[in-house]
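*Asks:* Input: one structure, supplied below.
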Amino acid sequence: MPELPEVETYRRFLDALVVGQRLAAVEVLDAHVLVTKEAELRAALVGATVLATQRLGKNCFLELSTGQVLVLHFGMTGDVGAYRDDHDRPRFTRVAFHLADGLRVAFIDPRKFGRIRVADSVAAYQREKHLGPDALDLSPEELTAALGRRKTLVKPALLDQRLAAGLGNWIVDEVLFQAGIHPERIAASLNAAEVSRLHAAIQLVLRTAIEHEASYQRFPLSFIIHAREWDAYPVPQSDDYKRCPADQSTIVKKYVGGRATYFCPVCQKET
DNA sequence: CTGAGTGTTCTTCG
DNA sequence: ACGAAGAACACTCA
């Protein structure tokens with residue numbers, strides 16, 4: 001789930017619930033997701049008020065009245081939820097943040113690849129993690145420069161959070177499809193027109209996904225994401241999802257850079 | 001029972 | 001020394 005659009009959706013959810021609120025308690029149900037030690041986390045959070053939320057790539061931040069920030073990274077299966085009674089606590093809640101008004105915010109993560117920590121600032125965390133600019137803020141010039149110095153395949157290059165923060169596996173497939181670029185092209189071999197299409201596609205895919213609150217089944221039929229069969233295809237009882245929305249070619253699935261990759265062999269030529 | 005999975009990080013290898 | 005490929009992490013669900 002949690003690529004940039006999902007995390008932006010989580011951020012908006014949290015923003016509406018926690019900004020202006022004081023944190024009354026931190027309940028750790030599974031310390032595995034903690035990077036900052038439990039006692040230290042509690043000391044940093046309890047009594048602090050949340051001033052604002054931020055997002056950089058796949059990371060969500062809660063700015064605290066103490067000047068520090070709570071950093072949430074959702075791994076592969078992270079989610080957020082809100083509840084009031086223990087008995088309504090969502091399954092797989094690993095940490096619960098209790099607000100002064102009684103509401104509880106759940107950090108939900110079945111697979112436990114998510115991470116929670118306290119950092120001194122967003123900028124300090126970005127430096128420590130070598131995160132590039134947020135993918136929505138990446139300029140065409142930055143993209144051109146970053147791809148130009150890489151001899152790697154373009155898909156792994158785009159997944160590298162140092163290039164731009166927030167692009168994940170399905171988004172990169174969608175971006176490459178929308179730009180008509182094969183995932184195994186060498187990054188530095190893209191010409192100016194291709195890099196330009198790539199930049200436009202990053203904007204299109206991210207903005208579309210955020211607009212639909214990252215709910216895949218509501219994405220346009222012109223998106224290749226439907227080939228992944230994650231959600232019910234908008235047209236029931238149809239096998240069309242296995243075909244390219246542009247030319248009906250059969251979508252190819254193969255592993256690129258160790259990740260499942262879907263593309264149209266006709267729209268995205270290798271040479 | 002087996003396998004696959006939306007992310008990151010560490011290790012290994014060239 | 002550096003990049004890149006591969007494995008590991010932990011767990012659910014199909």
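*Asks:* Past the 12 angstrom mark, what percentage of all C-alpha to C-alpha distances in the stretch A:50-89 do you count?
*Replies:* More than 12 Å apart: 66 percent of the Cα pairs in the stretch A:50-89.
*Asks:* For residue A:77, which sequence-distant residues (separation of 5 or more, or a different chain) have an amide H within less than 5 Å of its own amide H, given hydrogens modelled in the peptide plane?
*Replies:* A:111, A:113, A:114
*Asks:* Another question, if that's okay. Exposed loop sites here are GluC sites (Glu not before Pro) in DSSP loop states with at most 16 other C-beta atoms within 10 Å. What is the longest stretch of chain A lacking them?
*Replies:* A:1-212
*Asks:* Starting from the stretch A:19-92, pick out the trypsin sites (Lys or Arg not before Pro) whose DSSP state is loop and whose Cβ has at most 15 other Cβ atoms within 10 Å.
*Replies:* A:37, A:84, A:91
*Asks:* If neighbour count is taken as other Cβ atoms inside 10 Å, put A:173, A:134 in order from fewest to most.
*Replies:* With the fewest neighbours first, A:173, A:134 line up as A:134, A:173.
*Asks:* Mean residue ellipticity at 222 nm from the helices of chain A, using -39,500 (n - 2.57) per DSSP H segment of n ≥ 4 over the full residue count, to the nearest 500 deg cm²/dmol?
*Replies:* Per the formula, -8500 deg cm²/dmol.
*Asks:* Rounded to the nearest Å, what's the spacing between the alpha carbon centres of the stretch A:57-134 and the stretch A:251-271? Just the number, please.
*Replies:* With the stretch A:57-134 and the stretch A:251-271 each reduced to a Cα centre, they are spaced 34 Å.
*Asks:* If you take the square roots of the eigenvalues of the alpha-carbon gyration tensor of the stretch A:4-128 and sort them as a ≥ b ≥ c, do you get rounded (a/c under 1.5), prolate (a/b over b/c) or oblate?
*Replies:* It is rounded, given that a/c, with a ≥ b ≥ c, falls under 1.5.
*Asks:* Shape call for the stretch A:1-76 from the C-alpha gyration tensor, a ≥ b ≥ c root eigenvalues: rounded (a/c under 1.5), prolate (a/b greater than b/c) or oblate?
*Replies:* oblate
*Asks:* Next question. Kirkwood hydrodynamic radius, chain A, all distinct C-alpha pairs: what's the number in Å?
*Replies:* Answer for chain A: a Kirkwood hydrodynamic radius of 19.8 Å.
*Asks:* Pick out, in residue order, every one of the chymotrypsin sites (Phe, Trp or Tyr not before Pro) in the stretch A:89-157 that is DSSP loop and has at most 15 other C-beta atoms within 10 Å; say none if there are none.
*Replies:* Here the chymotrypsin sites (Phe, Trp or Tyr not before Pro) that fit, given the DSSP loop and packing criteria, are A:113.
*Asks:* Also, I was wondering about something else. Restricting to lysines 8 or more places apart or on different chains, can you count the pairs in the stretch A:135-263 with Cα atoms under 20 Å from each other?
*Replies:* 4
*Asks:* Here is a further query. Whole number please: convex hull volume per residue of the Cα set in the stretch A:135-263, in Å³?
*Replies:* Expressed per residue, the convex hull around the Cα atoms of the stretch A:135-263 is 97 Å³.
*Asks:* Go through chain A and flag any cysteine with no other cysteine's C-beta closer than 4.7 Å, please.
*Replies:* A:60
FYI, it's all coordinate maths here, none of it is from the lab. Source: prediction; values computed, not measured. Here the Cβ is made from the backbone with ideal geometry for all residues, glycine too, and neighbour counts use every protein chain on show.
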